[in-house]
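J.: Following this message is one structure expressed as structure tokens.
What follows draws every value from the coordinates through simple rules; no lab data is involved. Since the structure is predicted, the reported quantities are computational estimates derived from the model, not experimental observations. Cβ: placed from backbone, ideal geometry, glycine included. Neighbour counts: every protein chain shown.
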Amino acid sequence: MSESLSRSGLAFGAGAYLMWGGFPLLMHALEPAGAVEITAHRALWSVLVCAAIVAVMGGWSRLRAAVTRRRTLLILGAAAVFIAINWLIYVYAVVTDHVNSAALGYYINPLFTVALGVVFLGERLRRLQLVAIGIAVVAVLVIGFGLGEFPWIALALATSFGLYGLIKKRVGGTVDAVTGLTVETAVLVPVALAALVWIHQSGQATFLARGEPGLGVGHDVLLWSTGAFTAGALLLFAAGARRLPLYVTGLLQYIAPTLMFILAVWHFGEPMPVSRWIGFILVWVALVVLTVDGWRARPRRGVARVEPAEPV
């Protein structure tokens with residue numbers, strides 16, 4: 001890999017994770033829209049943006065191949081269910097001032113992915129991987145007991161995205177990122193439209209609504225932008241992943257939850273009691289252990305076992 005390719009790959013990859021990490025800023029700007037409305041619009045506008053990208057890139061043959069293969073279509077349909085759950089919980093976390101919980105979920109995700117590999121793919125845990133997972137479990141327990149509540153948002157995000165990634169492995173390299181997202185969001189369109197109709201009939205819709213503070217053309221444009229944001233970040237990620245080794249892409253994924261954590265504490269002013277600080281520090285220690293294990297395994301296996309992710 002040449003120096004120019006390395007630099008461009010780092011720029012593309014870091015740009016994607018910076019966009020994902022900064023997503024809470026857009027979510028807060030969409031208030032007073034609720035989580036269901038934002039998620040429905042994200043799915044709806046994403047499929048339109050993706051279709052436009054497919055048209056520009058001449059990818060209709062790849063899209064047609066994906067939807068005409070029954071197995072591929074079923075796999076992408078199942079993936080759509082989990083990414084929709086992930087999106088909904090993520091947006092809910094942001095609009096209810098639980099960005100810290102979302103950050104924790106995406107920190108935990110690489111560790112959860114390793115555990116899924118053991119359960120579903122028959123992979124064997126190395127010693128340091130086992131240590132990292134054990135530390136992460138302790139971290140979750142510390143945060144849960146300290147806050148007096150089950151950290152369901154973080155665990156639900158890690159679980160839904162981990163299962164999404166596991167399902168996507170079934171199509172492997174046969175479906176590119178844009179084609180996959182196009183099919184997945186297309187599957188979600190009927191549900192998204194039904195949700196938007198229900199929201200409109202209940203009088204809670206903010207799209208095209210007027211007369212309340214914060215609502216207007218600017219708000220509508222921001223809702224449209226969720227589609228461009230989703231597809232744009234994915235394109236940057238795909239461009240970076242093609243130019244970088246897997247272990248570098250895996251390390252870059254920590255940019256997103258780190259930026260989310262910074263926004264939660266220093267921009268949104270979310271509380272950080274001692275138990276939460278201890279929990280986050282333990283998670284960071286677990287990720288360091290996992291990364292060290294990846295670097296140690298790289299000469300033997302070719303790549304580190306730190307999986308890249310497309311967070312939101």
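J.: With n ≥ 4 as the cut-off for DSSP H runs, can you work out [θ] at 222 nm for the chain, using -39500 (n - 2.57) per run divided by the number of residues, rounded to the nearest 500?
T.: -26000 deg cm²/dmol
J.: Taking θ = phi - 60°, what integer Hz values does the Karplus form 6.51 cos²θ - 1.76 cosθ + 1.60 yield along the range 187-195, in sequence order, with x for Gly and Pro?
T.: Rounded to whole hertz, the list is 4, 7, 4, x, 5, 4, 5, 4, 5.
J.: Residue by residue through the range 260-273, what is 3J(HN,Hα) from phi via Karplus (6.51 cos²θ - 1.76 cosθ + 1.60, θ = phi - 60°)? Round to whole Hz and write x for glycine and proline.
T.: These are the phi-based 3J(HN,Hα) values: 4, 4, 4, 4, 4, 7, 9, 10, 8, x, 6, x, 10, x Hz.
J.: Just subtract the alpha-carbon distance of Trp224 and Ala55 from 0.36 nm times their residue separation and send over the number in nm, one decimal. Display every interim value, and only then the final one.
T.: On the way: separation 169, 0.36 × 169 = 60.84 nm, distance 1.91 nm.
So the extension gain works out to 58.9 nm.
J.: While we're on this one: Which value, in Å³ per residue, describes the convex hull spanned by the Cα atoms of the range 236-285? Write out the running numbers ahead of the final one.
T.: On the way: hull volume 3.8 nm³, N = 50.
Convex hull of Cα atoms, per residue: 76 Å³.
J.: A further question follows. List, largest first, the extents of the alpha carbons of the chain along their principal axes, each in whole Å.
T.: 57, 50, 38
J.: If the chain between Val118 and Arg210 were fully stretched, how many nm would it gain, using 0.36 nm times the residue separation less the Cα-Cα distance?
T.: On the way: separation 92, 0.36 × 92 = 33.12 nm, distance 5.20 nm.
Extra length available between Val118 and Arg210 comes to 27.9 nm.
J.: Quickly rank 25-35, 65-75 as a protection proxy: mean count of other C-beta atoms within 10 Å, highest first. It would help to have the intermediate numbers written out before the result.
T.: Details: 25-35: 17.5, 65-75: 14.5.
Those peptides, ordered most packed to least, come out 25-35, 65-75.
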